[in-house]
Number of protein chains: 2
Amino acid sequence: MSPWALRQLDTIETPSLVVDQNRLDRNIERMESRAKDLGVALRPHLKTGKSIELAERIPSFHTTGGTVSTMQEATAFGDQTEKTLLYARTPTASALSAIGMSQQTDFRLNRVLVAVDSIEHFEGVPPLAPGYQGRFRVLIEIDSGEHRSGLQPDDPDLPRLVRELTDKPDIRLEGVFTHGGHSYEAKSIDTVRAIAEQERQAIVAAAEIFAEAGVDCPIRSVGSTPTVTHATHYDGCTEVRAGVFVFQDLFQVGMGNCDRDDLALSVATRVIGRRARDHRLLIDAGGIALSKDRSTRAFANPDHQAAGDVGDCGYGLVCNAEGELLEGLQVVEAWQEHGVVEARPGFELDIEDFPIGTMLRILPNHACMTAAAHEAYNVLMPNGQIRARWKRENGW
Amino acid sequence: MSPWALRQLDTIETPSLVVDQNRLDRNIERMESRAKDLGVALRPHLKTGKSIELAERIPSFHTTGGTVSTMQEATAFGDQTEKTLLYARTPTASALSAIGMSQQTDFRLNRVLVAVDSIEHFEGVPPLAPGYQGRFRVLIEIDSGEHRSGLQPDDPDLPRLVRELTDKPDIRLEGVFTHGGHSYEAKSIDTVRAIAEQERQAIVAAAEIFAEAGVDCPIRSVGSTPTVTHATHYDGCTEVRAGVFVFQDLFQVGMGNCDRDDLALSVATRVIGRRARDHRLLIDAGGIALSKDRSTRAFANPDHQAAGDVGDCGYGLVCNAEGELLEGLQVVEAWQEHGVVEARPGFELDIEDFPIGTMLRILPNHACMTAAAHEAYNVLMPNGQIRARWKRENGW
């Protein structure tokens, strides 16, 4: 690879991801400070950025560790922190086997905490070698109301699972975690706050089960970007997890978790066609570059007390190359490699303002999904220069 | 990379793409035969597969060439056929500059046909060197009713553009193309057939404009998988383009363009959790592995005379590892790395049938979008063996 040279934003190929470094750093600082105020550690979820350079800008990545969603992330980030990585999805036997094997050989996955909600996950997994001192480091996933995975704290299977895991000689049970992902369905900040309290109560109740069984529960992990942003307190928990806060996105604006000026991720695109008759622009960012995520559709529901008042943003809102929002424009259609920009109701689009070749930057509905098909980020400085290209750890 | 060894399907990592080679070959054969019956050439759109090995299985790729949607595809496929590649999206100046540069140096992009609907696309593009014999090979995009891009055949700008392009010394104008993409919105096969006729008439009318200007129009290209499947005839056209036909997908089934047994692409996934209370399975394929495409939602509209009667398939239908459809199951939710399988109304899901670790294969709504985040295909033989891994040409 040729050495990286500084370049101007307007020279990059499109479509491609642009990260505003100042906004990124500010978002990180704000979440670090939020965790401090809550009196808990922050274990950032690295699935949003999937980038080593980005993770290294998060102070808690070095002091607490991180959260990952794929074995690819676990492997890539494994060497980058002295602390633990929580693989926060119930694992396949293949993932557990890889973790067990790595612990005894190259150590890259040595500090991975795995999350299970059944002893069944260990079926077919080769035991660690007799005499080997390491252990599978395990958390139990607790369901605090999302009903995606995990055991509810009053589930009779929970005390049994605590016993089964502590009985297995090659497992060290280290605590519990929950994800109040149903906060994404909440229609008001009060509901988000109530879900944060559900997370907390579920973890405290689960830790009680550990105590009754005489088992330590040092890790008590909760969170999602919405709940961590709005929780009243997390007493009884030791750490919070959040991911999308690094970039924020239109969905987070709509929920009232951040402001438009916090959005650190955009997709750089260029105008590749103009239709005067239809008052629309064709751009070179489509469903792959933007994703088909339509989560902001929820804000069209009149019941939604969207604090950020962005409404349904189609496939994204539109900024000029400088990152200034072009009020009233949005991406209304996204085919595989074509997108269409039109005016929102009550606004007008004059195509004369946008010659073919004009660069635009699209703010995404859901940053994690939009970034997924891109291999790297262009890191933008306030002076309009791209100072680095950060690779993403895609795949599984 | 270690040499590829045959392996059993049940040993592959999940989530990952599986291509049923027999079905793929059958789909290719059927489309080749369809084009022959229509008396036109087939120029396969390679954006669906994005794989050199897959393209090489399509006879027309060698005799006609291909269609591409990104410069990455143009570059990757450029060396693989002696024939032309149609870059079927209006280009940026950067793409045109790369094509011009490549023609004069490494020749990889030498046989790329570019499509424009305005002379504006050539602004800022360095001219080819004086004395250089090659030309930018150009088609004009015609709008046959989709209103995405292209000029309508009766647009007064069309004769002017023909003149402007023929006047430029480093351009060779070679014809016209249109894409009846609005066929994807059609609610009946009769409408699809009418849109195929719109494509044909638009091309014939545009070719008339060429004739009036005394300009040859050797390439007259039409198509989309739906319109090519159902067109009555394409008299006056020289070639058809289609892409998704290689894999087909649930949307194509619902439109009546193929049968369920034609679906050649699936996402292999494993059960990673079970909730008896909710009668649901958690799988390790989520929004990145399946995409957030919800195109089959259209079939929930009672006006839709869906010939394939699959209905709204959520994020995909569910097969066992052998590829047999598990009637009545579908993916109802897709977070970044988690999916949920539930029974469709009127059916039941007994989670006892699906221990943790069970492999399933998900049939996608829209194959092009589902494949997008995967780096390769596992190529499945009828004996259950994976015989090869085909790399995808992702990115831009």
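The values are calculated or read from the model by the stated rules, or taken from the named source; none is laboratory data. This is a predicted model, so every value here is computed, not measured. Neighbour counts are summed over all protein chains in view; Cβ atoms, including those assigned to glycine, are modelled from backbone coordinates with ideal geometry. SASA here: full protein model, heavy atoms, side chains in, ligands and nucleic acids out. Shrake-Rupley method; radii C 1.70, N 1.55, O 1.52, S 1.80 Å.
Below, the figures for the structure above:
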| quantity | calculated |
| --- | --- |
| Segment B:285-334: Cα Rg divided by the 2.2 N^0.38 Å rule of thumb | 1.21 |
| Accessible area (Å², 1.4 Å probe, nearest 10) - B:ASP10 | 100 |
| Solvent-accessible area, 1.4 Å probe, carbon plus sulfur percent, for segment B:112-240 | 48 |
| Pairs from A:LYS36/A:LYS83; B:LYS47/B:LYS391; A:LYS47/A:LYS83; A:LYS50/B:LYS391; A:LYS36/A:LYS187; A:LYS47/B:LYS292 whose Cα-Cα separation, in the structure shown, is over 20 Å | A:LYS50/B:LYS391; A:LYS36/A:LYS187 |
| Ranking by accessible area, most exposed first, for B:MET71, A:MET369, B:MET381 with a 1.4 Å probe | B:MET381, B:MET71, A:MET369 |
| Accessible surface of segment A:253-396, 1.4 Å probe, proportion on carbon and sulfur as whole % | 45 |
| 7 Å along Cα→Cβ, label-point gaps from B:GLY214 to other copies, nm, shortest first | 10.2 |
| log₁₀ of I(q)/I(0) at q = 0.29, 0.31 Å⁻¹ - segment A:50-90, Debye sum with one point per alpha carbon | -1.05, -1.18 |
| Choice from B:THR269, B:THR358, B:THR64 showing the highest fluctuation, given a GNM over chain B with Cα pairs closer than 10 Å | B:THR358 |
| Dipole-positive endmost among A:PRO355, A:ALA307, A:ASN378 within segment A:249-390 (Cβ charges, Cα centre) | A:ASN378 |
| Segment A:PHE107-A:LYS168, length gained on full extension (0.36 nm per residue, minus Cα span) | 19.8 nm |
| Chain B, closest residue to the rotation axis toward A, by beta-carbon, whole angstrom | B:LYS292, 2 |
| Descending semi-axes in Å of segment A:1-160, equivalent ellipsoid built from Cα gyration tensor | 33, 21, 15 |
| Cα-based Kirkwood hydrodynamic radius, segment A:132-218, one decimal, Å | 13.7 |
| At least 24 Å along the helix axis (C-alpha) and Kyte average at least 0.0, DSSP helices within chain A | A:189-212 |
| Added length on full extension, which subtracts the Cα-Cα distance from 0.36 nm per residue, A:GLU327 to A:ASP25 | 106.2 nm |
| Buried solvent-accessible surface, both chains (B, A), 1.4 Å probe, Å² to nearest 100 | 4600 |
| Against the rule of thumb 2.2 N^0.38 Å, how large the Cα Rg of the protein assembly as shown comes out | 0.97 |
| Semi-axes of the equivalent ellipsoid for segment B:242-288, Cα gyration tensor, largest first, Å | 29, 13, 8 |
| Rg and Dmax of segment B:179-232, Cα atoms only, in Å | 12.5, 40 |
| At least 50 Å² of accessible area lost relative to the chain alone, listed for segment A:65-93 with a 1.4 Å probe | A:ARG89, A:THR92 |
| Charge dipole of segment B:119-163 about the Cα centre (unit charges at C-beta), most positive-ward option of B:ILE140, B:PRO159, B:LEU128 | B:LEU128 |
| Segment A:246-396 - convex hull of the alpha-carbon atoms, volume per residue in Å³ | 118 |
| About the Cα centre, charge dipole magnitude for segment A:179-313 (Lys/Arg +1, Asp/Glu -1 at Cβ), debye | 980 |
| Expected-Rg normalisation [2.2 N^0.38 Å, Cα atoms] applied to segment B:91-189 | 1.20 |
| Descending principal axes extents, segment B:102-149, alpha-carbon based, whole Å | 39, 21, 14 |
| MRE, 222 nm, helices only [DSSP H, n ≥ 4, -39500 (n - 2.57), over chain B, to nearest 500] | -7500 deg cm²/dmol |
| Shielded residues, segment A:353-377 - accessible-area loss of 30 Å² or more between chain alone and all protein chains, probe 1.4 Å | A:ILE356, A:MET369, A:ALA372, A:ALA373 |
| Reduction of at least 20 Å² in accessible surface, 1.4 Å probe, comparing all protein chains with the chain by itself, residues of segment B:328-346 | B:TRP335, B:GLN336, B:GLU337, B:HIS338 |
| Probe 1.4 Å, accessible area per residue of the protein assembly as shown, Å² | 38 |
| Simple Cβ-charge dipole of chain B, Lys/Arg +1 and Asp/Glu -1, about Cα centre, in debye nearest 20 | 800 |
| Theoretical FRET efficiency, 1/(1+(r/R0)^6), r = Cβ-Cβ of A:GLU352 and B:LYS36, R0 45 Å, to 0.05 | 0.45 |
| Cβ-vector label at 7 Å, B:ARG135, separations to other copies in nm | 7.6 |
| Debye intensity ratio in log₁₀ form over the Cα atoms of segment B:134-293, taken at each q of 0.14 Å⁻¹ | -0.77 |
| Per-copy distances of the A:ARG160 label point, shortest first, in nm (7 angstrom along Cα→Cβ) | 7.8 |
| Histogram of C-alpha separations across chain B, 20 Å bin width, % | 27, 52, 19, 1 |
